[in-house]
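FYI, it's all coordinate maths here, none of it is from the lab. Values in this document were obtained by computation on a predicted structure and should not be read as measured data. With ideal geometry, Cβ positions are generated from the backbone for all residues, glycine too; neighbour counts draw on all protein chains shown.
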Amino acid sequence: MAIELTANNFIDLLLRGANLGILLLIIAHLSLRPNYDALVVTGLFFCVTGMIEIVLNAPSILELLHDETLLLLSFQQIHFISMWWFVRALFDDHFCLRTRCLWPVGVSVPLVLAVSLVPVDVIWIFKAALVALNAGLLTHVIYKAVSSRAGDLVDARRAFSLALAFTVPPFMLLVFVVNLIGVRGPLNTTFCLVCGVVYFLLAMGFSFWLTRLKGELFERNSHGSTNMASSNVEMSSADRLELERVVKAVDGGLYLEPGLTIGGLADVLQVPEHRLRKLINRGLGYRNFAAFINDYRIAEAKRRLSDPELAREQIIQHAFSLGYASLAPFNRAFRERVGVSPTEYREEALGGVTTH
């Protein structure tokens, strides 16, 4: 089948080739990471599905696959879900690909099949449901980026989070909706060209951040350490003295304050918030303020749950007294760090006491 190579097609071809090259660069960077954690796996999946979608949405390929709605829609939806996983892993150091993360796949499969198989007069219902699903995932991505930014101690990642959340997901949703509607003719050619330019700029921006930040954006550590002597970061004497004052104040009971934020701690200690972020991040190795506070709280929780005199204390009472607003975040934070629930931990700890 002969394909006419117009100026628009030529530019589109160049842009798609450039995008593929940039995604390959990101894949190579991720593949060289020492640990294949959730961040690397979701990042690789996002890039690979992005490359497939770039190829499938080329005007010449669309002409060949004009009746393959199921194939095109399936890859578009997989790419959108992989974006949701990747952004969550990027800004949540504790994100793991668990079974509960697969619910968008379970919802998408029957909707995609329905769009491809149901009569034309009712197909709009399932298309609207798909758009609503992806809009919900988009909203959740933006919410996670904004909410995690407040407690993020890594300046570069704080700036990057909003830029990523408010550009890539909305653009992907727009492309998805336009493709779902099925625009054809000159308008589709123009839209493909514009999308190629935007995708190229976004890919360039992301790869620039990726290479510029080197390991700062992607490094992972399970938790920081309050042992200042173990830090390899060079700090001035003034910074060390101020960090010692921060640790002493938090260790003295400030971590029990309900709803304690980095801004609230800065006000109490009368330390500029930007400097406090750097002190905790560079001096103690923490990347997130919540992880810093939770380590203190969980250590205290383990002590209380192991105390025979507090054996009748309800778990929810421990949660409130440790500064948590409800039981759920306490259970989640405890399980992430200890590997078992507070109830299971207490049973094991107190069981050892009774046997002795």
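For N288, what residues show an amide H to amide H distance below 5 Å, using hydrogens built from the backbone and excluding near sequence neighbours?
Result for N288 returns L153.
Extension gain L102-R335, at 0.36 nm per residue separation less the Cα-Cα distance, in nm? If you can, show how the numbers build up before the last one.
On the way: separation 233, 0.36 × 233 = 83.88 nm, distance 2.05 nm.
The L102-R335 span can extend by a further 81.8 nm.
Just flag the chymotrypsin sites (Phe, Trp or Tyr not before Pro) in the range 85-176 sitting in loop per DSSP whose Cβ has no more than 15 other Cβ atoms within 10 Å. Walk me through the numbers on the way to the answer.
Details: sites: W85, F86, F91, F95, W124, F126, Y143, F160, F166, F171, F176; in loops: F95, F166.
Here the sparse-neighbourhood loop sites are F166.
Among the trypsin sites (Lys or Arg not before Pro) in the range 253-328, which ones are in a DSSP loop with at most 16 other Cβ atoms within 10 Å of the Cβ? Mind listing them?
In loop regions of the range 253-328 (DSSP not H, G, I, E or B), the sparsely surrounded trypsin sites (Lys or Arg not before Pro) are R312.
So what are the ³J(HN,Hα) numbers for the range 130-142, from phi and the Karplus equation (6.51, -1.76, 1.60; θ = phi - 60°), rounded to whole Hz, Gly and Pro as x?
Result, rounded to whole Hz: 5, 5, 5, 4, 5, 5, x, 5, 4, 4, 5, 4, 5.
Roughly how many nanometres apart are two label points built 7 Å out from the Cα toward the Cβ at V177 and S116?
Going by the 7 Å Cα→Cβ label model, 2.5 nm.
Using 0.36 nm times the number of residues separating I11 and A325, minus their current alpha carbon distance, what extension gain do you get?
Length gained, I11 through A325: 107.6 nm.
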